[in-house]
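Enquirer: Okay, here's the structure, questions in a sec.
The values are calculated or read from the model by the stated rules, or taken from the named source; none is laboratory data. On a predicted model such as this, the values are computed, not experimentally measured, just so you know. Quick reminder, even Gly has a Cβ in these numbers, built from the backbone with ideal geometry, and neighbours come from all protein chains shown.
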Amino acid sequence: MEKQLETAYQGAPACRAPGLWKGIATGLREIWDRIGLTFAISLTWTVMTAAALAALSRGLPHAWPSGIRGAVALLGCALVGAPGFAGACWVAHLSAEHEDVDYIAYWRGVRRLFVPAAALGSIHVGVLLLASLSLWFYAHLAPAVGVVCGLVCVYVLLVWAVMAPYEFPILAAQEAGLFDEEGRRARRGALAAIRRSFYLALGAPLYSLGLLLVCALLTAAFALLPMLSAGALAMVVTAPTRSLLVRFGVLPAPPAPIDRGFQL
């Protein structure tokens, strides 16, 4: 499985699999089938993240520069929000595996994925801060040099953003043993999830760009509907991620529907 994923970008897809829009439709169907659980998970994540942000806003010294206060607040929210979202992706993974899930399964996922998810969230914050500082620095260079370096930085950010929708579903899947082989335990942790997400994004760039656009639109919509935030987004990104894993032969293809014809 690991070798198939690493070489996915070198050749044609290994298996036929549903396209992006069918994968998103599958995720939306999962939301509808588990609407109560989705509400509960999303509300929990929203309350936890908002409470962490409020506590940091009151607790950080006002003498600190606003940039440092913002960076620390962002890191604190990531340390709370990332494990919470990973727990939602854990529920989405179990649901895709046709296992029974409930609200307790969400907290089990948060506990199981807390360390790698917090590390992954911290990496995202570090990349965002580093990119912001780089763009600020390039803006003060000579126009020709600054524009070229800025475009390179924006391109790197775009590649990172295209990888992002896969990372938490991959994290949940790898911690559940999806990539393990007989006698060989696949790599775990945040860096392993980033590495596998890179191969997926590189193997299907247009598919990944489409998924990124859908995630951006849904995130903007969920800002107005916090009751459908983390839980719904986890369902939506997990189904297309699994479809891409089927395409590259990491997961078996779903059984084709049987045409029984006309029956009396």
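Listed here are the residues, each with its yes/no results for (1) surrounded by fewer than 24 Cβ atoms within 10 Å (Cβ to Cβ); (2) over 15 Å from HIS124 (Cβ atoms).
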position: ALA164; (1), (2): yes, no
position: ALA172; (1), (2): no, yes
position: LEU178; (1), (2): yes, yes
position: GLU182; (1), (2): yes, yes
position: ARG188; (1), (2): yes, yes
position: ALA192; (1), (2): yes, yes
position: LEU202; (1), (2): yes, yes
position: LEU206; (1), (2): yes, yes
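Enquirer: Answer yes or no as to whether GLU2 is in contact with a strand residue (DSSP E or B) (Cβ under 9 Å, 6 or more places away or on another chain) and at pLDDT below 75.
Expert: Considered against the rule, which asks whether it is in contact with a strand residue (DSSP E or B) (Cβ under 9 Å, 6 or more places away or on another chain) and at pLDDT below 75, GLU2 comes out as yes.
Enquirer: Kindly establish whether TYR106 is aromatic (Phe, Trp, Tyr) and under 23 Å from LEU209 (Cα atoms).
Expert: no
Enquirer: Right, next: Every residue in the stretch 220-246 that is out of contact with any helix residue (DSSP H, G or I) (no Cβ under 7 Å at 6 or more places or on another chain), surrounded by fewer than 22 Cβ atoms within 10 Å (Cβ to Cβ) and outside any loop (DSSP other than H, G, I, E, B), please.
Expert: Those that are out of contact with any helix residue (DSSP H, G or I) (no Cβ under 7 Å at 6 or more places or on another chain), surrounded by fewer than 22 Cβ atoms within 10 Å (Cβ to Cβ) and outside any loop (DSSP other than H, G, I, E, B): ALA220, ALA221, VAL246.
Enquirer: Additional query: Can you tell me which residue among VAL147, VAL115 is closer than 19 Å to TYR166 by Cα, of a type in the set (A, V, I, L, M) and either out of contact with any Asp or Glu (no Cβ under 9 Å at 6 or more places or on another chain) or surrounded by 19 or more Cβ atoms within 10 Å (Cβ to Cβ) (or both)?
Expert: VAL115
Enquirer: Follow-up. What residue, among those in the stretch 120-144 that are in contact with a Gly (Cβ under 7 Å, 6 or more places away or on another chain) and among the aliphatic types (A, V, I, L, M), is surrounded by the most Cβ atoms within 10 Å (Cβ to Cβ)?
Expert: So, considering only residues that are in contact with a Gly (Cβ under 7 Å, 6 or more places away or on another chain) and among the aliphatic types (A, V, I, L, M), the one surrounded by the most Cβ atoms within 10 Å (Cβ to Cβ) is LEU135.
Enquirer: Same structure again: Take the stretch 51-67 and flag every residue that is exposed (fewer than 10 other Cβ atoms within 10 Å of the Cβ), of a type outside the set (Gly, Ala, Ser) and outside any helix (DSSP H, G or I).
Expert: PRO61, HIS62, PRO65
Enquirer: Give me the pairs: first residue in the stretch 126-153 and in a helix (DSSP H, G or I), second residue of a type in the set (S, T, N, Q) and surrounded by 15 or more Cβ atoms within 10 Å (Cβ to Cβ), beta-carbon distance under 7 Å, and six or more apart or on different chains, which are they?
Expert: Pairs that qualify, where the first residue is in a helix (DSSP H, G or I) and the partner is of a type in the set (S, T, N, Q) and surrounded by 15 or more Cβ atoms within 10 Å (Cβ to Cβ), are CYS153/SER134.
Enquirer: Among (1) under 10 Å from GLY231 (Cβ atoms); (2) at pLDDT below 90; (3) buried (at least 18 other Cβ atoms within 10 Å of the Cβ), there is one condition ILE41 misses while meeting the rest; what is its number?
Expert: (2)
Enquirer: Is it the case that some residue within the stretch 172-184 is in contact with a His (Cβ under 7 Å, 6 or more places away or on another chain), modelled with pLDDT under 90, part of a loop (DSSP other than H, G, I, E, B) and of a type outside the set (Val, Ile, Thr)?
Expert: yes
Enquirer: So is SER42 hydroxyl-bearing (Ser, Thr, Tyr), within 26 Å of ILE123 (Cβ to Cβ) and touching a Leu at 6+ places or on another chain (Cβ under 7 Å) or not?
Expert: Yes; evaluated as a whole, the condition is true for this residue.
Enquirer: When both residues are 6+ apart or on different chains and their Cβ atoms are under 7 Å apart, which pairs have a first residue that lies in the stretch 71-93 and is at negative phi, and a second that is of a type in the set (Gly, Ala, Ser) and not in a helix (DSSP H, G or I)?
Expert: HIS93/ALA176
Enquirer: Identify, from the list ALA105, ALA86, the residue that is assigned to a helix (DSSP H, G or I), closer than 19 Å to GLY189 by Cα and modelled with pLDDT of 90 or more.
Expert: Going through ALA105, ALA86 in turn, just one is assigned to a helix (DSSP H, G or I), closer than 19 Å to GLY189 by Cα and modelled with pLDDT of 90 or more: ALA86.
Enquirer: Can you say whether ALA220 is modelled with pLDDT under 90, touching a Gly at 6+ places or on another chain (Cβ under 8 Å) and either closer than 22 Å to TRP45 by Cα or of a type in the set (S, T, N, Q) (or both), as far as the supplied structure shows?
Expert: Considered against the rule, which asks whether it is modelled with pLDDT under 90, touching a Gly at 6+ places or on another chain (Cβ under 8 Å) and either closer than 22 Å to TRP45 by Cα or of a type in the set (S, T, N, Q) (or both), ALA220 comes out as no.
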